[in-house]
Every structure is written in C-alpha cells, then in structure tokens.
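> One structure coming up, written as structure tokens, with questions to follow.
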Amino acid sequence: MTHADAEAGGDRRGRRKERSAETEQALKDAAREVFAERGYLNTKITDITAAAGRAAGSFYNHFASKEDLLRALLDDLAAEGDADAARPEHKEDFTDPDAIRYHVEAYWRFSRRNWPVLRAMSQAALVNDEFAAIMRQFAVGQRTDILDHMAYVPAAGLRLPTSPEAGLTMMFAAIEGLLQATREGTLEFTDEQAIEDLTRFFYRGLTGRDY
C-alpha cells in the first residue's frame, strides 16, 4: 500500500466517523423534539428516525433501544452539569447573593434547555425501575453537589431556618414549581425575572437579610 493509498483510506474512515457522529447527534436532537411533543412513553423509535430524517434501521447502529438513547441523553446532561460547576464565576458561599444567583441561574437555564429529557426521565421512571433509581440518584446528587455551600451560612454566625438537606430540597422544589407554572402559562415570567426573584427569595430565607 502506498502512502497515498493510506492517506485516502484514513480520509474515508474519517468521513465515515464524522457521518456517524452527525447521525447520532441528529437522532438525539430528534428524540428531544419528539419527547417534547408526544412524551417519552408515546414515542416510537420510528418517530425519532423520521424526525431525524434517517432510515429506521440506522437507529440501531448507534443505540440498542429507546432506553439506551435516553441513557445517552442523560449522560450528556451530566456532562453539561459538570461544565457548569467548572465555570470560573462559580461561587460556593451562600451568604453571598451572587453565589445563590449563579446556582439559581445555572439550574433554571439547564432545566429550561433540557426539559424534554428531564420530562422523559420522569415518565420512564413510572414504568422502569432503572430510571426510577436514576431519578432518585439525580435528586440526591443535586443536593450533594452543593450541600457544602450551605455551611457558609452558620459559619457566618447566621442561623439556617431548617437543616441544610431540607433547605436545599425546598429550594429545588421552588424552582421546579416556578418552572412548571411558566411552562403551563399560569404565571408570566421572563427568565431574568424568575432568576432575580428566586435569588431574593432564597437569600432572605437562608440569611434573614434583605437583598
């Protein structure tokens, strides 16, 4: 084999790999779209491939099942969450309103972007024990990741209104409730208004200070 033949073979493999990655991403994007429209439980694999503009059989070159595709989407969410935590503006001290705002904004925008996948996970959890366990781990992980941020409050001589674990659970529940209300249209909030109001609410609740 000549050097030119080797280069040509490498180029072909590179193009195949690139096309494969494009198809995988197209299937993921289509799944998010169809999950949002129909819900996870009502979505068929052929719905996803049709929305992606791909042949039905191409799905199985990338995913073993609809459940396998959802796992891949959840892995993407985990990677996105890790990237948010690594951003240089990330702050941990919850006596600082900017630290609270950072976490509120990150979670709010993350949930808005990824609502189809989060909704799919909750629907899958209704019929699949594996996804029910993943959903529980997800909720525990959310609290565990920032539990140490709450320690700054008593360290500053302030009294938390409840245990750190309960306080974080309430915070996530408040964000989820406002997200649900905005999605349903029962409350009209811009993202900026929601983030600002939640920051004020949590800062006052945690520290007793006006903001």
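> Can you run down the residue pairs with Cβ atoms below 9 Å, 6 or more apart or on separate chains, where the first is in segment 61-76 and under 10 Å from residue 120 (Cβ atoms) and the partner is open to solvent by 30 Å² or more (accessible area, probe 1.4 Å) and assigned to a helix (DSSP H, G or I)?
Listed pairs, sorted by first residue: 66/45; 69/45; 73/32; 74/134; 74/138.
> Also, I was wondering about something else. For residues that are open to solvent by less than 70 Å² (accessible area, probe 1.4 Å) and either among the basic types (Lys, Arg) or closer than 19 Å to residue 143 by Cα (or both), tally how many sit in segment 73-91.
First, pick out the residues of segment 73-91 that are open to solvent by less than 70 Å² (accessible area, probe 1.4 Å): 73-74, 76-81, 83-85, 90.
Of the ones still in play, those that are also either among the basic types (Lys, Arg) or closer than 19 Å to residue 143 by Cα (or both) are 74, 77-81, 83-85, 90.
Residues that pass the stated criteria total 10.
> So, one more: If you take just the helices (runs of 4 or more DSSP H) that sit entirely in segment 7-124, which of them hold at least 1 residues that are closer than 22 Å to residue 194 by Cα?
On the way: elements: 45-52, 66-85, 97-113, 115-124.
Counting at least 1 such residues, we get 66-85, 97-113, 115-124.
> Next question, about the same structure. Within segment 39-59, does at least one residue satisfy the condition of being farther than 19 Å from residue 118 by Cα, at pLDDT below 95, polar (S, T, N, Q) and out of contact with any helix residue (DSSP H, G or I) (no Cβ under 8 Å at 6 or more places or on another chain)?
Checking segment 39-59: not a single residue is farther than 19 Å from residue 118 by Cα, at pLDDT below 95, polar (S, T, N, Q) and out of contact with any helix residue (DSSP H, G or I) (no Cβ under 8 Å at 6 or more places or on another chain).
> Only one of 139, 151 is at pLDDT 95 or above and in a helix (DSSP H, G or I). Can you tell me which? Full working, then the answer.
Details: 139 fails: at pLDDT 95 or above.
The conditions single out 151.
> Okay, next question. Restricting attention to segment 179-202, does a residue exist that is assigned to a helix (DSSP H, G or I), under 23 Å from residue 87 (Cα atoms), open to solvent by less than 50 Å² (accessible area, probe 1.4 Å) and aromatic (Phe, Trp, Tyr)?
yes
> Would you point out which residue out of 63, 110 is among the aromatic types (Phe, Trp, Tyr) and either touching a Lys or Arg at 6+ places or on another chain (Cβ under 9 Å) or open to solvent by 20 Å² or more (accessible area, probe 1.4 Å) (or both)?
On the way: 110 fails: either touching a Lys or Arg at 6+ places or on another chain (Cβ under 9 Å) or open to solvent by 20 Å² or more (accessible area, probe 1.4 Å) (or both).
From the options 63, 110, the qualifying one is 63.
> Test each condition in (1) open to solvent by 30 Å² or more (accessible area, probe 1.4 Å); (2) out of contact with any Asp or Glu (no Cβ under 6 Å at 6 or more places or on another chain) for residue 152 and report the one that comes out false.
Just one mismatch for residue 152, condition (2).
The values are calculated or read from the model by the stated rules, or taken from the named source; none is laboratory data. Since the structure is predicted, the reported quantities are computational estimates derived from the model, not experimental observations. Quick reminder, even Gly has a Cβ in these numbers, built from the backbone with ideal geometry, and neighbours come from all protein chains shown. Accessible surface is based on the protein model in full, side chains and every heavy atom, while ligands, DNA and RNA are left aside. Shrake-Rupley method; radii C 1.70, N 1.55, O 1.52, S 1.80 Å.
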